[in-house]
1. Rounded to the nearest 500 deg cm²/dmol, what is the calculated helix-only ellipticity per residue at 222 nm for the chain, with -39500 (n - 2.57) per DSSP H run of length n ≥ 4?
2. Can you order the peptides 395-402, 171-178 by their average number of other Cβ atoms within 10 Å per residue, highest first?
3. Kirkwood Rh, Cα Rg: Rg to Rh for the stretch 141-212?
4. Going by how many other Cβ atoms sit within 10 Å of their own, how do 20, 127, 418, 335 line up, fewest first?
5. Of all DSSP beta bridges located in the stretch 75-384, what percent are antiparallel, nearest 5?
6. Using a 7 Å offset from Cα along Cα-Cβ at residue 11, what residues in the stretch 394-423 end up with backbone N under 18 Å from the label point?
7. Compute the relative contact order of the stretch 75-384 as a whole-number percentage, counting only Cα pairs closer than 8 Å that sit 6 or more residues apart in sequence.
8. Restricting things to alpha carbons, tell me how big the stretch 223-297 is in terms of Rg and Dmax, in Å.
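The numbers here are math on the coordinates, done by the rules we state, and not lab data. Treat the numbers as computed from the prediction; the structure is a model and nothing was measured. Please note: Cβ atoms are built from the backbone with ideal geometry, for glycine as well, and neighbour counts cover all protein chains shown.
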Ligand code: SF4
Ligand code: SF4
């Protein structure tokens, strides 16, 4: 396992030395990555010399991604788009189709029972359709729009998912907008009828599962306190079998688990997840955990799992872990990420009473409501118009172009202020990014090309 051993910063250049002595350079402004010589590490690099790396400086666009559990506003949909807060061109909308749940997860951030303190059984579809029309109506031909169905447990109200998705599909066909649907589910409701609905809308599916039955049963029991993991596994296998036989038009399927002091065995979860032919896994850190030691342990566990994946199948297997894939996407695109997420810019959240928020995790907090129905409260939304890197004072962080200023919800949970960064989040993020840079350089063989430059003494003075 080749890990980050030490780091140096030379102006806009970061040099990372691995435990095996490899030195990888990262340019914090244009996001170039390259293998460096030992000499470079010892003597330091000069900025103008680093330009010898750059085949071509690519144009920098704004982008965003997120790494959170039920917050499904991810890199692939928002990365290419400029944020246009004043027009509210929302490209990703999450909807709580219900605010009840059949499970009772020990760490549930949705009021402890999926209700956010307001157990609404069914969203009013007739009030939600105009909201979809309102947001999609602001988009242009060729734009992408993603609708994510959340809860509670969204598959407890599958009829709403179907009606809302079909409406969005029809609207998109007329306007030539590309749609994508995501369902985030606890995996207990894969009935034949529900699989048919997921098939009809070509849903991408995120299944929340914290590990094998002996772990998941304790953390995610049903309302009566009993484990249901065996039935989740049976449902998931049936879903994946049908997908494999190409009987169903289901999109990507991934597993997402929550980890923290009550569940720190990421390796066990990784080995369990690997038994399923799913496209990706996500190891999410418990949003409410604030202790430094727990953060450190989680980071080491995640790095360990990354090393196992890389040893098993190189870049491809490593990138099945969502966070590594997100970083690789940014490295590939060389586009600066000014916003960790699009909350309040390109992303909004609708609760089961059609109130609008900027983030799934603030549902139920009346101070955080930024709209109702098709009325947006401009004054409140104007607080989200600035890039997070600036608003969160991240300009001096070497990792800011990759991180994008972090999750406002996590920051607030630790510091009391959305824009005051959580130091635990930062140390975790920077360590993961530094390690990802080592993997990236190793996977792409960036050494050959740069070695020639070094031999020609173009880099070192
Ligand atoms: S790691 Fe922390 S300081 Fe750096 S960009 Fe992210 S949130 Fe900001
Ligand atoms: S602020 Fe909310 S929407 Fe943004 S990443 Fe955090 S949880 Fe997701």
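1. Roughly -11000 deg cm²/dmol at 222 nm, from the helical runs in the chain.
2. Packing proxy ranking, top to bottom: 395-402, 171-178.
3. Using Cα coordinates only, the ratio equals 1.01.
4. If I rank by nearby Cβ atoms, fewest first, I get 20, 127, 335, 418.
5. Counting only bridges with both partners in the stretch 75-384, antiparallel ones make up about 20 percent.
6. 396-399
7. Reported as a whole number, the value is 21 percent.
8. 15.2, 47
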